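Everything below concerns the one structure shown next.
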Amino acid sequence: MSALFDRLLQEVNETLGNETQTNVTIEINSTAPSGFPTIDFSDSPSSVPTLSQAPSLVPSANPSFLPTGMPSESPSIFPTTEEQGLVGGHQDEALENSLRIYGSLFVVVMLVFCWLRKKYPRCYNIRGWVEGLRTPLADEQYGFYDWIWKLNSIEEKVMMDECGMDALCFVRVLDFGFRVASVGVLNSIWLMLVYRTADKTEATEFITSAVVSLSTANLPPGSPRLIATVAASYVIFGFTMWSILREFEWFIKFRHAFLTKRLARNYAVYVQNIPIEYQTNAALTEFFSSAYPGTVLDAHLAMQAAHLKKKVDERDSVIANLEHAINIREVTGVVPQAKNLITRQTSGSAIQGYGDKLVALNKEISYSIETLIENANHIEAHSVDDDSFMGSTDDSFEGPKSPLAGGVMGFAKNSVKGVTNISKNAIKDVGGAVKGVGGAGMHVLGSGANLAKSFIIHEEDGAALSAGFVTFNSLRAAHAALQMIQYNQPHKMEVLEAPQPEDVLWKNIGKANREVQIGKLISFAATAALCLFWTIPMSFISTLSSIEGLRDQFDWVGSMIDSSPWVEPFFAQLAPLLVVGAKELLKVILEIFSKQEGPISGAVVEASLFSKLAYFLIIQTFFVQAISGSIVSQVSNMVRRPELIIDLLAGSLPRRGIYFIQVLLVDTAVSLATELLRVSAVAQATIRSRVGPKLTEKERNTPFLGIRPFATPQKFYHAQNLSNCVLDFVVFFVYATIAPITSFFVGICFFFKAAAYRHQFVYIYPTFPDSGGHLWANFFKLLPNLMTIGQIVLQGMLGLKKQPIANALMLPLTIATILFQIYVKQQHFLMTQYLPTRQAIRADERNSGSEDYSFVQGKFVQPELRVREKYPENGNEEDYRNLTGKDEENMDLDDTVKKGN
């Protein structure tokens, strides 16, 4: 010890300089903590700062710039005490507080949830009573706590059929993480003994933390025990690579089984950037029919229909109001009256008013749809018969612009006679229907006039877009179309996998390639800028990682802790909570960026969001907090002794593992608590039960202003939840051998996440939309990168520890991991994208006896073009006749608009 204090004395005298004479003495003070010496400056001039006056010379116990959850650390030449919490009990206490707070919270949540799920099945077993979501799996709720393992016994094929492919893949990733972490746990049993039993040296004698002593921080530089770290790495990463190959075998089997299902998405393709000469339904159908004869069911080219969509949305709103008005009459016996919003005076029956408006809207929408379709058919007849219209068969010929590209007016310029006849027929139908001269009849007549006017004003409706869907009656043809190059120019006639019809984002269908590329560029630039500037709030969170940092930032915190010391452990958990909160905010922002890329479906948005979140969490939450956090915590010591930078970082990096354990505990406890208890869903359902229409069962089960009742659960956000697993894996791969105790906590997190989310998929979440496991592929594309990151960090730590032999032994493992990544990218991911030919043929042979393709035909027509007339689901027979204008006696229009009460 005397040599150490001599070095300290020499350092202090060198730091204070030779210009001022200062006598520095060291004496043992019995009142000092643990009997450590105190430094006394005697006869020092007032101009010379003492150590207490020069915090920049000697690092404080907890500087305000300290990263999240990381206590300050002094180099080995500075004697530090457990009470100061630098390399001693403070870290143990921080981890103990996290376990006490969040462990207790999670235990209480699990007990409460196990009671609630049996007591209130209407809230915690949605798929057991909601029509359209019901599943036989939800009929059995199991016991108070044995559901945790009994749900794990559900066959995977049944899980896929009843809960969806995405749900199965998600829990499979969690199970994979648990298996890998279990190997880490077995590894850690002997590895922690190796670290703990290392002899104390000058560099490690001040480590008194039980947790830190179980990490490589307890090994002196050059220790041969670091070879054990390398051996453990070979076990963990070798097992992970073997497990990845097994997971591919599993996924390929289930992915191909999913692709053979009779789903609309499996029998259709999405075609974008269609050349102009093929921008009609007939031309597109003939293009694919010539390549795959006898297999094309239909082709639906998207068209602009903004005005029609507004009318359809308006009709939906009118129907909702009309249904509610009828419900008021049926439930209360009182006919609701319409009121003038300005004068507040009644203007007759609300049912009659909404009925009149619905009749008019149905007429206008019906004629609009008929006109758009007839115009398109007329153009297609010309396009098929007229070679000059279709263009040359030479692939180099670009062809004239499709008449549909100019909308209805564009077509009129090419075929005036066709539009004139159609318009005359439409107006004739309206005039023939209006036989009465009442107000309602005039209203419909006016609607007919407005309709004719709309053909001129809204000329953009009907303009052809450069994208559409093609449906097949054969899996072999659909997958052949996906894998073949269809055109001889880049970004032309691109064929992509079709999403489920209900998942299509129609507003992005038909976007020009240039617009999509610009959107992707903007999204990438915005994400990169956010990643750069996100360091600012994360750095601020770092300053709140210790009680001293909180005191420096907020005076009221110090006063509260002084008056109520019992709140100190809660303030110590503030930084991990803020990290979790910042991550939730980040998900919202990055989802906005992803939607700027012109995705054609929600599944594409999820895939883009997952990639952004994954890399963001790796860069910001891990690297910024782990690497730069270790540097910032030692910057004062590095300035004083630059030659000790390597030793400082080598000791600091392993101790950051405690912080990440805290983050995982907070994230798991808080996320699973809100997920299992369904905090948001219960709050929304409670509000919905008090606001909005609720006269009938249908009204009570319908969302109002975005507020959802229990019967309409929110979809599961796979990308956001799967991205959380990325952080779990990267922490495991980095710290499984550096701080082996991390494996225990990672394994616990994976175990409870798998049990909780498996329960939610069986009892709560709907099966749609289902991407068919695309996020599984995205995750396993990323996983080898996470392994490489862990190995590079480990090699860096071994270099800092000055152990060249161990570092050299790690190099073959890193090379093997990179080669493994190259190997699986050659064919494995390709096998998951498409259905093999022989398997597709066998599936077609099994389905050859069925001529029913209603599951796919017409499913990819734009929603606004599907329904010409729509009516309320409630009301009596008289209401229905009055609204439709149909009965046995062929009621005229006067009778149609008169509402019977």
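Longer than 32 Å from Cα to Cα, which of 363/859; 825/859; 587/825 are they? Say none if no pair is.
Details: 363/859 23 Å; 825/859 34 Å; 587/825 28 Å.
Exceeds cut-off: 825/859.
Would you mind working out the accessible area per residue for segment 462-511, using a 1.4 Å probe, and quoting it in Å²? Please list the in-between numbers first.
Numbers: 1970 Å² over 50 residues.
Result: 39 Å² per residue.
On a full-extension model of 0.36 nm per residue, what is the gain between residue 245 and residue 781, subtracting their alpha-carbon distance, rounded to one decimal in nm?
Numbers: separation 536, 0.36 × 536 = 192.96 nm, distance 1.23 nm.
Answer, rounded to one decimal: 191.7 nm.
With a point put 7 Å past each Cα toward its Cβ, work out how far residue 851 is from residue 310 in nm, to one decimal.
4.5 nm
Test of understanding: what is the full-extension gain from residue 520 to residue 193, defined as 0.36 nm times their sequence separation minus their Cα-Cα distance? The partial results should precede the final answer.
Working: separation 327, 0.36 × 327 = 117.72 nm, distance 5.09 nm.
Full extension of this stretch gives 112.6 nm more.
Suppose R0 equals 60 Å; then what is the FRET efficiency for residue 564 and residue 491 from their Cβ-Cβ distance, rounded to the nearest 0.05? Show your work: numbers first, answer last.
Values: r = 65 Å, r/R0 = 1.09.
Step by step, r from the Cβ atoms, then E = 0.40.
Residue by residue, what Karplus-based ³J(HN,Hα) values in Hz, rounded to whole numbers, does segment 502-515 have, using 6.51, -1.76 and 1.60 with θ = phi - 60° and x for Gly and Pro?
6, 9, 5, 9, 5, 5, 9, 6, x, 5, 5, 4, 5, 5
Once amide H atoms are placed 1.01 Å from N in the peptide plane, what residues at a sequence separation of 5 or more from residue 339, or on another chain, have their amide H within under 5 Å of its amide H?
The answer is 347.
Between residue 686 and residue 588, 0.36 nm times their residue separation minus their Cα-Cα distance comes to what? Intermediate values should be presented prior to the final figure.
Values: separation 98, 0.36 × 98 = 35.28 nm, distance 2.47 nm.
Residue separation times 0.36 nm, minus the Cα-Cα distance, leaves 32.8 nm.
Using the Cβ atoms and a cut-off under 15 Å, what net charge is assigned to the surroundings of residue 178, where Lys and Arg are +1 and Asp and Glu are -1?
Working: positive: 172, 179, 246, 753, 758; negative: 175, 247, 728.
Charge balance in the 15 Å sphere: +2.
Can you give me the Rg/Rh ratio for segment 708-754, using Cα atoms for both radii and the Kirkwood formula for Rh?
Values: Rg = 15.0 Å, Rh = 12.4 Å.
Using only Cα positions, Rg/Rh for segment 708-754 is 1.20.
Can you list residues from other chains, or at least 5 along the same chain, whose modelled amide H is less than 5 Å from the amide H of residue 298?
Placed amide hydrogens put 471 under 5 Å from residue 298.
Quick query: amide H of residue 771 versus all other amide H atoms, modeled in the peptide plane; which residues come in under 5 Å with a sequence gap of 5 or more or a different chain?
Amide H neighbours of residue 771, under 5 Å, 5+ apart: 166.
Can you work out the Karplus-derived ³J(HN,Hα) for every residue in segment 156-170? Use 6.51 cos²θ - 1.76 cosθ + 1.60 with θ = phi - 60°, whole Hz, and x for glycine or proline.
5, 5, 5, 4, 5, 5, 8, 10, x, 5, 4, 5, 4, 5, 5
Where does the Debye-calculated log10 I(q)/I(0) of segment 99-212 sit at q = 0.14, 0.17 Å⁻¹, using only Cα point scatterers of equal weight, no solvent?
Those come out to -0.83, -1.04, one per q.
For segment 223-284, what is the accessible area per residue in Å² when the probe is 1.4 Å?
Numbers: 1890 Å² over 62 residues.
Per residue, segment 223-284 has an accessible area of 31 Å².
What number comes out for accessible area per residue over segment 699-813 if the probe is 1.4 Å? Units Å², please.
Working: 3170 Å² over 115 residues.
With all protein chains present, segment 699-813 gives 28 Å² per residue.
Sketch the reach of a paramagnetic label on residue 697 as a point 7 Å from Cα along Cα-to-Cβ, and name the residues of segment 125-158 whose backbone nitrogen lies under 15 Å away.
The answer is 128-134, whose backbone nitrogens lie closer than 15 Å to the label point.
The values are calculated or read from the model by the stated rules, or taken from the named source; none is laboratory data. Just so you know, these numbers come straight off a predicted model, no measurement behind them. Note: ideal-geometry Cβ built from the backbone for every residue, glycine included; neighbour counts use all protein chains shown. Only protein heavy atoms, including side chains, enter the accessible area calculation; ligands, DNA and RNA are left aside. Shrake-Rupley method; radii C 1.70, N 1.55, O 1.52, S 1.80 Å.
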